[in-house]
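Structure record follows, encoded as structure tokens.
The values are calculated or read from the model by the stated rules, or taken from the named source; none is laboratory data. Keep in mind that this is a model prediction, so the values were computed, not measured. Virtual Cβ from ideal backbone geometry, glycine too; neighbours counted across all protein chains shown. What goes into the accessible areas is simple: the full protein's heavy atoms, side chains included, and nothing from ligands, DNA or RNA. Shrake-Rupley method; radii C 1.70, N 1.55, O 1.52, S 1.80 Å.
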Amino acid sequence: VPVKNIRNFSIIAHIDHGKSTLADQLLLKTNTVAERDMVEQFMDSNDIERERGITIKLNSARMRYTDSQGELYALNLIDTPGHVDFAYEVSRSLAACEGALLVVDASQGVEAQTLANVWLALENDLEVIPVLNKIDLPGADPDRVISEIEDIIGLDCTDILKVSAKVGLGIDDVLEAIVKRVPPPKNTVDKPLRALIYDSYYDAYRGVICQFRVVDGSVSRGDRILMMNTGKEHIVDEIGVLAPNKVTVDTLYCGEVGYMAAQIKSVKDARVGDTITLSKNQAQEPLPGYVEVQPMVYCGLFPTDSNQYQDLRVALDKLQLNDAALRFEPEISTAMGFGFRCGFLGLLHMEIVQERLEREYNLQLITTAPTVIYKCVTADGQELMINSPADLPEPQKRRSMAEPYVRLEMVTPTDYVGNLIELATSRRGEYQEMRYLTENRTTLVFDIPLAEVVTDYFDVLKSRSKGYASMEYQMIGFRENDLVKLEIKINGEPADALSVITHRDNSYKLGKQLVSKLKELIPRQMFKVPIQACIGVKVIASEQIAPYRKDVTAKCYGGDISRKKKLLSKQAEGKKRMKALGRVEVPQEAFMAVLNLD
Ligand code: GTP
């Protein structure tokens, strides 16, 4: 297929608006995948993704399409992950396209994620084609949604496509629109190779498989390539297209999208956003937009069974081969023994990694409360990045502390505006602006510390808007604040796993909540257990767990042996997840308590 007949596009949408369903329809209509081979939703390929119904890893598919004039086209669909944690990956896969289908649920309308994705697409100069999906639904209100798209995003909707991806209505029009409205790639085949990596994943047999878009020149099997940002060289031993299964070819030319294997050992050496060029005939400059991703959320991971420490290390090593954003370093905690301090892009990324470790590697883990990364300037002027409260220098050795801020956009039915302003303000959000999207839908914009968003913000937003509001955020940098380290002492022993860095204004309330929650969650012991929250040497809140009374203890140790056994086996599972702290057994819920305070 000549360059002028190539179309590279992605589909952007808010979660659940029907991106995957539409992608499947396109694959079916172009006979790329036969109905009988269609695993439910081809584009969302891994288990965790399917269960959670969100796309985490990208996938591409080349389709062959003959248009109404009988011309043959190659349509490359480049999928984008559907979550804010992966905004960088989204931006790189959009950079590999010339156009995007903007799918909006006709019964819902424009949502926060729709907006965030559209801005990314427009930044990358893509032709955005609006598509109204789910017009089969009785609740569909195309006119309202069209006016939202026109007013908010400023897209011309005269030729808007109306489809039902589920029923298969209007799919031909979508294919025609891709051909007619998405511009072909520029023909720069004579320039030195520049190819943009928009995804890479690790394959146990063949090393890293990169997915890339050839922007200039061409690349062939056997070529010696150079990664322009990491400086690594490799020899291409396989190259091909995903159709959507791998089909090998000899050469890929400018405008084309494909994959390669080159004996690359880890995704660290083939990073998303890096530019591939030829060692012999190098391009002068890499493609713009490469960033080394910086984890923003950290937590400690500890095996419940300390014998699993080595297994955990091996598992993390393996996951990292496939996940350039995952960081980890050994951590020793007096409460929990040996484990790792791990860095993630965001909360979802963290949950996914935890879930993989538990499911795929059979590990039982205790996770400490997530914390963001802080910037601390010491008295002698050094700048430290702090990802664990344990690493924070003493107050007298600190000059200043700064924490990451995000710009938060919440889209909500106007009825809940008051609730959401209250929520954001109570989380130290600073009001920026309010835009009426339509009569009954509003966008609220706040600058807010990331630390306030990474806990349960999304859940609370959902419950205070009866499920109708959506949110999206992006990093806007660090800001200085009066931040302190709040320490918890159980039975006089500092529970380092429970210390947190927090704003001083929040520390009293948080300290109170923490100690009273811990009082509920820590089982009674044979002796009195004091629980204290402290800043430095100052105790700001405290509680006590009373010891068992004598008769209770007696009952516990006497009685029918088989009944006792039954009880014991029931408790065995829970017991494993407890960690001895001093002489006090602390259940995992206690550690998680730090998370769920409101
Ligand atoms: P993410 O992968 O999380 O981004 O979601 P998605 O945008 O891919 O949504 P998906 O395709 O999984 O669709 C979400 C739900 O909407 C599914 O239950 C679909 O069956 C349903 N759905 C998709 N398209 C239509 C449609 O045209 N009409 C109706 N009635 N339902 C649809």
Which aspartates and glutamates, on any chain, are close to K528 with Cα under 12 Å apart, when same-chain ones fewer than 8 places away are left out? E543
Ranking V267, G255, Q284 by how far each Cα lies towards the positive end of the charge dipole of segment 209-285 (+1 on Lys and Arg Cβ, -1 on Asp and Glu Cβ), the top one is V267
Positive-end extreme of charge dipole, the chain - chosen from M336, I366, I12 (charges on Cβ): M336
Can you give me the accessible area per residue for segment 395-523, using a 1.4 Å probe, in Å²? 46
When the accessible area of segment 347-406 is computed with all protein chains present and a 1.4 Å probe, what percentage of it is carbon and sulfur? 42
Average accessible area per residue (Å²) across segment 71-142 - probe 1.4 Å, nucleic acids and ligands excluded: 27
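Please find the FRET efficiency linking D317 to S147, where r is the Cβ-Cβ separation and R0 is fixed at 41 Å, and quote it to the nearest 0.05.
Once rounded, the FRET efficiency stands at 0.20.
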One finds the C-alpha centres of segment 181-195 and segment 90-143 to be spaced, in Å, by 25
Mean-position separation - Cα centroids, segment 375-401 and segment 242-286, in angstrom: 42
Which whole-angstrom value gives the distance between the alpha carbon centres of segment 304-327 and segment 444-521? 27
Phi angles of segment 254-269, converted by Karplus (6.51 cos²θ - 1.76 cosθ + 1.60, θ = phi - 60°) into ³J(HN,Hα) in whole Hz with x for Gly and Pro, give 4, x, 8, 10, x, 10, 9, 10, 8, 6, 8, 7, 8, 5, 4, 8
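Hey, which of these cross-link pairs are over 27 Å Cα-Cα: K246/K318; K318/K485; K397/K538; K462/K509; K466/K519; K375/K509?
Working: K246/K318 24 Å; K318/K485 34 Å; K397/K538 18 Å; K462/K509 23 Å; K466/K519 32 Å; K375/K509 24 Å.
Exceeds cut-off: K318/K485; K466/K519.
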Using +1 on the beta carbon of Lys and Arg, -1 on that of Asp and Glu, and nothing else charged, what's the dipole of the chain about the Cα centre, debye to 20? 2740
So, for segment 187-264, what is the accessible surface per residue at a probe of 1.4 Å, expressed in square angstrom? 40
Which aspartates and glutamates, on any chain, are close to K232 with Cα under 18 Å apart, when same-chain ones fewer than 8 places away are left out? D199, D223, D269, D274, E285, E292, D323
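Give the carbon-plus-sulfur fraction of the accessible surface of segment 139-205 in %, rounded to a whole number; probe 1.4 Å, heavy atoms of protein chains only.
Working: 1630 of 3360 Å².
Answer for segment 139-205: carbon and sulfur cover 48 percent of the accessible area.
Over segment 414-525, with every protein chain in place, what whole percent of the accessible area is carbon and sulfur at 1.4 Å, could you tell me? Working shown, then result.
Numbers: 2390 of 5290 Å².
Of the solvent-accessible surface of segment 414-525, carbon and sulfur hold 45 percent.
Run the helix sum for the chain: -39,500 (n - 2.57) per DSSP H stretch of 4+ residues, divided by residue count, reported at 222 nm to the nearest 500 deg cm²/dmol.
Values: 15 runs with 153 residues, N = 598.
Calculated from helices alone, the mean residue ellipticity at 222 nm is -7500 deg cm²/dmol.
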